[in-house]
Structures are given as structure tokens and as C-alpha cells.
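Remarks on the structure that follows.
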Amino acid sequence: MRISVTQERFESVIERAFTVVPSKTTMPILRTVYVECKNGELAVSATDLELMITIKTSADVAENGVSVIPAKRLYDLAKTLQKDVPVRLESEDESAVIITSGQGKFKISTEEPSYFPQLPMLPPEPILRLPHPRLKRIIEKTLFAVATDELRPVLSGVLFQMKNGMLRVVSTDGHKLVKWVDNQNKYEVPDFDWIIPKRALEVLSKMLDNNKDIPPVEIYLASQQLHFKLDQVTLSTRLIEGKFPLFDSVIPQNNPNILIAEVKPFLSAVKRVSVFSGALTKHIRIDLKSGEIVLSAEDTEGTGRGTEPLPVEYSGEQFTIGYNYSFLERILNQIDSTLVRFELSGPSGAGVIRPVEQVEGEDILMLLMPVRLN
Amino acid sequence: MSQKMILHLDADSFYVAAERLAHPHLQHVPLAVLSSLDAFVIARSYELKPLGIKVGTPKWEAQSIAPNALFIPADFSRYGKVSRQMFQVVRDLAPLVEEYSIDEAFADLSGLDTYYQKSASELCQLIKDRIQQQVGVTVSVGLASTKTLAKLASEYRKPNGLFVVTEQNLHAFLADRAVHEIWGIGDKRGPKLKEKGVETALDFYQLPLETVMRWMGKHGVDLWLELHGHCISPVTETYAPPKSVSRTANFELKSARPEVVFAALSHHTAKVVAILVEDGLFTRHLSIFLRRKDFTFDVASCKLPYPTQNYQVIVAAVRNLFEQCFQRGVVYRGSGIVAAIDPNGAFDLDLFVEYEREQKVANLTQAITQLNRKYGKGTMKYLCTMHHPKPKVRKDEQRLALPIVKAQ
């Protein structure tokens with residue numbers, strides 16, 4: 001292997017690959033990156049066995065070859081190499097690589113390439129193509145509701161569901177739920193239910209662009225692995241096995257109590273009142289009555305209390321409902337319109353929350369379960 | 001001194017009194033009640049106290065001290081019934097009653113003198129008399145402006161005593177009580193105070209507040225203020241939920257059989273779930289332990305998918321834990337389960353839990369509890385406890401080792 005590449009490109013590919021290298025692992029080979037040079041390209045791959053990333057960049061390839069290099073050392077070096085000075089990589093023999101930059105010459109021992117996990121082979125045709133901005137928005141709107149504990153593994157990912165050509169994306173942790181529906185496009189693809197791990201989507205989101213004019217992300221399915229192919233990046237992830245809960249059945253259809261509030265004042269009132277909520281419980285109360293809601297919180301030690309009324313539009317019964325303020329804040333943060341609409345059944349049922357004005361092409365619905373108050 | 005009037009009631013040798021209530025012929029027999037598995041003395045009659053038999057004295061030692069005494073196993077369900085009757089008498093007269101233990105309670109009598117047209121001390125005497133007449137046990141009562149003073153006073157004239165702390169007798173009363181007898185000082189802090197020359201409750205009372213703060217911090221200051229008549233800890237009915245609910249017991253016969261060990265664990269689980277349902281508590285963390293013959297433990301714990309009091313969910317989790325920690329070939333002597341309770345009692349509801357069904361299961365648990373309470377333990381039980389041996393029914397003639405004479 002013998003190549004020359006600009007420092008910026010070299011640093012960029014190593015840095016992005018390094019995001020997938022596990023910080024703790026019992027398998028030393030996973031602490032390496034797989035570097036392959038051929039056909040005028042440098043490709044760097046890394047994996048934690050759940051997720052594999054390959055990033056390509058153009059390079060002057062004098063001699064094709066493969067090298068498996070310890071990731072941390074390579075990353076630390078890449079960050080500190082001189083800017084605007086080409087980087088040269090050359091295999092010294094089968095057990096080391098020499099990296100040269102300006103006057104600097106750095107030798108790193110390498111691993112046997114065959115020990116590195118096999119790189120994925122993509123099927124000839126993708127199942128689905130999604131524009132970068134749409135996929136980025138879907139991830140941004142759904143990732144916050146994914147479960148953070150491992151008690152229910154199916155909830156630790158986001159469901160991408162295709163049914164009769166309609167794409168629905170859903171995530172939930174049991175307390176909150178978000179359903180994003182593409183109401184603009186009819187996809188001519190077979191039905192599928194993919195539960196994609198949260199981490200894969202986090203990594204993918206960083207690789208996506210808001211530019212509408214770049215080619216769409218191609219999504220391939222092969223042997224229970226999903227592959228996202230971007231221009232220079234291929235991200236492969238396992239899918240979470242299991243059946244996602246029947247989310248449609250928990251979405252209330254006719255909640256009679258309707259609250260419409262301005263998002264920004266509501267959110268800032270929640271933030272102020274939540275200062276007085278218990279650190280562990282994170283609970284706040286909301287008293288609902290016509291024309292006004294009153295937010296309040298009191299810590300369990302009784303050392304402080306916060307109360308704030310907020311003018312709103314409200315039609316329905318008077319009652320008090322408790323929420324985990326952290327969940328409520330996250331939900332309100334997802335609302336893009338000026339006004340938010342809450343449809344409530346009572347103090348212990350799921351509330352349906354939507355932006356009053358939906359963004360064109362999508363329909364977002366969120367659910368929030370209240371707290372069982374004492 | 002404020003106008004609060006707080007009563008502290010303490011039943012005299014409660015377990016012994018409850019036994020004598022059921023068995024009047026034991027009225028003058030020196031009597032000690034033993035712990036589970038009959039290992040230790042947990043209560044003794046007044047005849048045995050001067051002999052040096054204390055709570056915690058091993059049975060063998062107590063028997064050697066008092067060979068003529070009668071040692072009987074405890075019957076907690078009986079004591080519970082007597083306790084409920086006793087507190088009901090207080091509740092009939094006072095609206096605010098705080099049950100402190102099975103045989104102790106506080107009641108706030110403030111303002112009741114006007115209502116009943118009786119002085120607070122006459123009310124105390126009325127409560128004492130009614131308990132003796134209606135329940136059949138004697139209690140000692142202290143009346144004062146704070147809980148700390150009232151508790152100190154109830155111990156002053158035991159047994160069957162009544163002492164009212166007034167501004168006039170306060171100093172003499174405190175001078176007659178050792179400092180360690182103050183509730184909250186006890187045998188741990190008492191000796192340290194004595195080293196500093198604080199021998200009596202009056203010595204403590206007369207310390208400068210700054211000194212108390214320096215020596216004992218906020219806890220000491222609260223006690224000092226209570227002794228000075230400032231009600232820091234009011235009588236409260238507020239139910240403080242426990243941090244955990246647990247049940248543990250040794251087997252009557254050691255066993256290496258998984259079905260027997262699991263049945264015991266299921267039996268404990270059923271009892272824990274019954275308490276959760278009865279007290280409106282929910283658990284999210286479970287731990288179990290199996291005690292080996294050599295007294296070492298096998299333990300396992302887990303987090304439940306949501307806070308619950310559902311027997312089916314909890315026993316399924318216990319089954320998983322049991323399979324994790326049960327070791328084949330090991331002989332076990334006991335087992336236990338601990339269900340941790342969220343101290344706040346409130347929790348985030350879950351979208352995918354059928355709370356109506358949870359409520360139905362809770363209702364079923366409650367019905368089983370009530371059936372067993374009405375018709376006797378084990379009237380209805382869960383199938384998975386079937387290998388758990390029925391507790392030996394210690395008929396009273398066996399417990400007391402006395403012949404039975406039936407009237408015709």
C-alpha cells in the first residue's frame with residue numbers, strides 16, 4: 001500500500017471512523033481501523049460489531065493495499081498533523097505502516113487484516129431512497145423518545161414502518177411516544193418493519209446534510225443488516241429483533257379536553273417551575289381550567305415551591321395532571337409551530353400532543369403519559 | 001410553654017399481656033415470649049425483668065435464669081388484633097392518632113378538653129380505663145406539650161401509670177430521668193453525654209443551645225427544643241411509605257429441592273404483594289436471597305419493566321431471579337425477598353401497561369388477603385406455593401404445654 005492524501009481529508013475520514021470504534025471492548029481487533037486503498041480512493045472502516053462504518057475519500061494511490069491500524073494512535077496522530085501538508089501512508093512490511101507528513105515520520109504496528117470483521121456486501125439495488133434532509137428530520141424528530149434502558153430491547157430503537165406505500169416512523173420509551181408520518185409521498189416498496197438502534201441513527205444523523213440537491217441516501221437490506229449508503233459513507237447496522245408494541249392501539253382518538261398554548265412561554269414556565277421539582281422524581285403539576293393553567297412544583301423535602309399561571313385556550317373539565325417535566329420539555333422542544341395542542345382524557349390517561357400547524361409533507365403526533373400523583 | 005397536649009401511650013409488656021388476655025390462667029405465671037424459631041426472648045413479664053432477662057436474651061440462658069418461667073412462641077397475628085383494638089379506643093376519642101409501633105401511639109388531645117368538657121389528664125385516664133375495660137390490657141400514658149416529653153412521661157410510672165408533665169413539675173421530672181432515657185438519645189449517645197457530665201434529662205435541658213448544636217447538631221437541637229416545650233415533631237397521621245417491603249424466614253426443614261425452595265420464595269412473594277396492594281405501594285426493584293446451610297447467601301436482583309404491585313409480574317420476575325441464583329446440590333435453610341419502594345410514591349405511567357388489568361389483579365390479591373384474614377391463613381393461596389409446608393398450627397395446648405380441660 002502506498003498513497004498520498006491531503007491532511008484535511010485524512011483527518012476527516014479518520015475522525016468520522018473513530019466515532020464507531022468502541023472505547024471498551026474485550027476484542028483488541030475492534031480497537032483498529034481497516035484502511036484500504038484502491039482505484040484512487042482511501043477507504044477507512046471501523047466497527048463495534050453492532051455498527052460498521054466505511055468512509056471513502058479520493059487519494060493518489062500509487063499502490064493498492066490494505067492495512068489494519070490501531071485506531072486511537074492513528075486518530076491522535078491525524079488530529080495533530082501539519083495542515084496543508086500531504087500525508088503519505090506506506091506499508092513497511094506486513095506488520096507496520098509508515099505515515100509521513102512534512103519532516104515527520106511515524107511508524108505504527110499493524111494487525112493481520114484477516115482478523116478484522118468482514119466488510120458488508122451490498123445488494124445490487126436499494127430498497128428505499130430518502131433525501132438527506134427528510135431522513136435527518138425524521139431522526140431529529142424521533143430520537144428523543146427512544147428508551148434509554150435495556151429492559152424492553154425493542155424500545156431501544158426507532159421503528160421505520162412501511163405499510164401500503166406509507167412511511168411511518170415511531171419511537172417510544174413507554175412514557176412518551178412520537179409518530180412521524182410522511183403524508184406526501186407514496187413509496188412503491190414492499191412493506192417492512194425495521195427497528196433501527198438509536199446509536200446507528202445518532203451516527204447517521206451526523207453524516208447527513210440539509211442540502212436537498214445531493215443524491216438521496218440509499219438504504220439496503222441484507223441478512224438482518226441495514227445499510228445506509230451516502231455519497232462517501234456507508235453505515236451498516238444490525239436491526240433490533242422483536243415486535244414493536246402496537247402503538248396505534250394506545251393513541252387515544254377522542255380526548256375531550258383541549259388545551260392550546262404558545263410553545264415558548266409554556267416551555268419557559270415549565271423550566272422555571274421545574275427548578276422546584278424533586279431531583280429524582282422530576283414531577284410538576286398542572287391545574288387546568290378555562291383560560292388558564294397553573295404550573296406548580298414542590299420538592300419532597302418541602303424546602304421550596306414554584307407556581308406560575310399561564311394564559312392558554314382551554315376547553316374541558318377542570319382537573320390536575322402531573323408530568324415528568326423533563327419529558328414535557330422534550331416534547332415541547334419538538335414543536336416547530338408557535339402553538340401546541342394538547343388533547344387530554346384526564347389525570348391518568350395518555351395526552352395527544354401536536355403542533356397546531358404541521359410542516360408540509362409530514363404529520364407529527366406525540367403522546368405523553370402523566371405521572372401517577374400521590 | 002405552648003398549649004399543645006400530646007398523649008403517648010405504651011402498652012405494658014404488650015406481648016405478654018396479649019397472651020394473658022387469651023389465657024387468663026397465666027395471669028400470675030412468669031412468662032416470656034420467644035422470637036421465630038424460638039431462639040430469643042422478645043418480651044417478658046414484669047416478674048422476669050428484675051432477674052436480668054432482657055429482650056434478646058437467648059432462650060437457653062433465660063431458662064437457666066428462670067427455670068420455672070413459661071417460654072412460649074410468639075403469635076403475631078394475635079398481637080396485631082389486640083393492637084388494632086387498643087388503637088381504635090384512642091381513635092374513638094381523638095381525631096389525630098399516630099401509631100408508632102404495635103404497642104405505642106401518640107395522640108393530639110389539643111382542644112379536646114373543651115369538646116369533651118374534661119381536662120386533658122381526665123381524657124388520658126378515660127382512654128386508659130377504656131382500654132383496660134374494652135381490650136383487657138393495661139397501658140402507661142404520658143401527657144405533655146411535645147412528643148419527646150410525652151414519651152419520657154409514659155415510661156415514668158410504668159406499669160399502668162399516668163404522668164402529666166406540667167410547667168410546675170417539669171424540672172423535678174427531668175431531674176429524675178437519666179439522659180439516655182430521652183427518646184432519640186438512647187444507649188448510643190447517652191454514654192457520650194455522661195462523659196461530658198450530662199447525667200440527667202434536666203442536665204441536658206439546662207445545656208446552652210449552642211453547646212447542644214456543637215455536640216449533637218440539628219438532631220440534638222430538635223430534642224432540646226422539644227424538652228423546652230417547642231413542638232418540633234407534631235403528631236401526624238401522614239403515612240410515610242417504607243423504603244422497601246421484605247419477607248424472609250428460615251425453613252422448618254432444610255432443603256436442596258428447587259420446588260421446595262421456590263415455593264417458600266413464592267410464599268414470601270405473596271405476602272409482600274399483599275402488603276404492596278394493601279398499602280397502595282408499587283415496586284420497581286426486586287432482590288431475592290437464598291440462605292445456604294452454611295449461612296452464606298446466593299443473591300440476585302432485577303429492575304422490573306414498570307412500577308407494579310401485580311403478583312403475576314412480580315412472581316415471574318422472582319422465578320427468573322431464582323433460576324439465576326439457585327445452585328443445584330446446595331442445601332438451603334431459608335429465603336427472602338425485598339421489594340424496593342419509590343420513596344416518593346409517584347411515578348411515570350406507562351403507555352403499554354394495561355392499568356385496568358393491573359387493578360383487577362390487585363383486587364384479586366386484596367380479596368385473597370381478606371379471605372385469609374377472615375377464614376384463616378392458607379384458606380386461599382397461589383398454586384406455586386403448594387410445596388411450601390403449611391405452617392405448623394401450634395395449638396394453644398402445644399404452645400403452652402398445658403393440658404386442656406373442656407367444659408361440658
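The values are calculated or read from the model by the stated rules, or taken from the named source; none is laboratory data. Small disclaimer: the values here were computed from a predicted structure and weren't measured. Quick reminder, even Gly has a Cβ in these numbers, built from the backbone with ideal geometry, and neighbours come from all protein chains shown.
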Note to self: Given the criterion touching a helix residue (DSSP H, G or I) at 6+ places or on another chain (Cβ under 8 Å), of a type in the set (D, E) and closer than 20 Å to B:V164 by Cα, identify the matching residue among B:D113, B:D129.
What the structure shows: B:D113
Checklist line | Output for the stretch A:171-211, where each listed residue is surrounded by fewer than 22 Cβ atoms within 10 Å (Cβ to Cβ) and within 14 Å of chain B (Cβ to nearest Cβ) | finding: A:D173
Check: When A:L235 is evaluated against the numbered criteria (1) more than 25 Å from A:K179 (Cβ to Cβ); (2) assigned to a strand (DSSP E or B); (3) outside the structural domain of A:E343 (by TED's automatic domain parsing), which criterion, by number, is the only one it fails?
Finding: (1)
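Residues are listed down the side, and each one gets a yes or a no for (1) closer than 21 Å to A:R238 by Cα; (2) at pLDDT 95 or above:
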residue	(1), (2)
A:M1	no, no
A:P22	yes, no
A:N39	no, no
A:A46	yes, yes
A:E50	yes, no
Next item on the list: Identify, by number, the condition in (1) in a helix (DSSP H, G or I); (2) surrounded by 15 or more Cβ atoms within 10 Å (Cβ to Cβ); (3) touching a helix residue (DSSP H, G or I) at 6+ places or on another chain (Cβ under 9 Å) that B:A150 doesn't meet.
Entry: (3)
Item checked: Candidates B:V245, B:V235, B:V212, B:V261, filtered to the one that is in contact with a Phe, Trp or Tyr (Cβ under 8 Å, 6 or more places away or on another chain) and at pLDDT below 90 -> B:V235
Item checked: Matching residues, the stretch A:195-223, being in contact with a strand residue (DSSP E or B) (Cβ under 6 Å, 6 or more places away or on another chain) and of a type in the set (G, A, S) -> A:A200
Margin query: Cβ contacts < 9 Å: first residue under 15 Å from B:K151 (Cβ atoms), restricted to the stretch B:169-180; second residue exposed (fewer than 13 other Cβ atoms within 10 Å of the Cβ) and of a type in the set (K, R), any location; separation 6+ or different chain. Result?
Written below: B:H180/B:K188
Notebook entry, point to check: Among the residues of the stretch A:33-54 satisfying the criterion of being in contact with a helix residue (DSSP H, G or I) (Cβ under 8 Å, 6 or more places away or on another chain) and among the charged types (D, E, K, R), which is surrounded by the fewest Cβ atoms within 10 Å (Cβ to Cβ)?
Noted result: A:E50
Item checked: Qualifying position, being under 13 Å from A:L130 (Cα atoms), assigned by TED's automatic domain parsing to the domain that holds A:Q161 and hydroxyl-bearing (S, T, Y), among A:Y220, A:Y187 -> A:Y187
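Please pick out the residue among A:K229, A:K206, A:K271, A:K289 that is over 17 Å from A:R129 (Cα atoms) and at pLDDT 95 or above.
A:K271
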Item checked: Subset of the stretch A:359-374 (residues that are within 14 Å of chain B (Cβ to nearest Cβ) and closer than 21 Å to B:F352 by Cβ) -> A:L365, A:M366, A:L367, A:L368, A:M369, A:P370, A:V371, A:R372, A:L373
Next item on the list: With the checklist (1) outside any helix (DSSP H, G or I); (2) among the basic types (K, R); (3) surrounded by 15 or more Cβ atoms within 10 Å (Cβ to Cβ) in hand, flag the one item B:R20 doesn't pass.
Entry: (1)
Notebook entry, point to check: Of everything in the stretch A:205-263 that's closer than 21 Å to A:T142 by Cβ and acidic (D, E), which residue is nearest to the chain's Cα centre (by Cα)?
Noted result: A:D209
Margin query: Given the options A:E125, A:E111, name the one that is at pLDDT below 95, within 27 Å of A:V181 (Cβ to Cβ) and away from chain B (no Cβ under 14 Å).
Written below: A:E125
Check: Can you name the residue in the stretch A:129-145 that is more than 14 Å from chain B (Cβ to nearest Cβ) and either in a strand (DSSP E or B) or hydrophobic (A, V, I, L, M, F, W, C) (or both) and is also surrounded by the most Cβ atoms within 10 Å (Cβ to Cβ) among such residues?
Finding: A:L135
Margin query: Being closer than 30 Å to A:G165 by Cβ and among the hydrophobic types (A, V, I, L, M, F, W, C) narrows it down to one residue among A:L135, A:L49, A:L77; which is it?
Written below: A:L135
Notebook entry, point to check: Considering the stretch A:252-280 alone, what residues qualify as being within 14 Å of chain B (Cβ to nearest Cβ), touching a residue at least 24 places away in the same chain (Cβ under 8 Å) and farther than 22 Å from A:S345 by Cα?
Noted result: A:S277
Note to self: Give me the residue from the stretch A:338-358 that is surrounded by fewer than 15 Cβ atoms within 10 Å (Cβ to Cβ) and in contact (Cβ under 8 Å) with a residue 40 or more places away in the chain and, out of that set, farthest from the other protein chains (Cβ to nearest Cβ).
What the structure shows: A:T338
Check: Pick from the stretch A:303-329 the residues that are in contact with a helix residue (DSSP H, G or I) (Cβ under 9 Å, 6 or more places away or on another chain) and more than 13 Å from chain B (Cβ to nearest Cβ): which of them is surrounded by the fewest Cβ atoms within 10 Å (Cβ to Cβ)?
Finding: A:P311
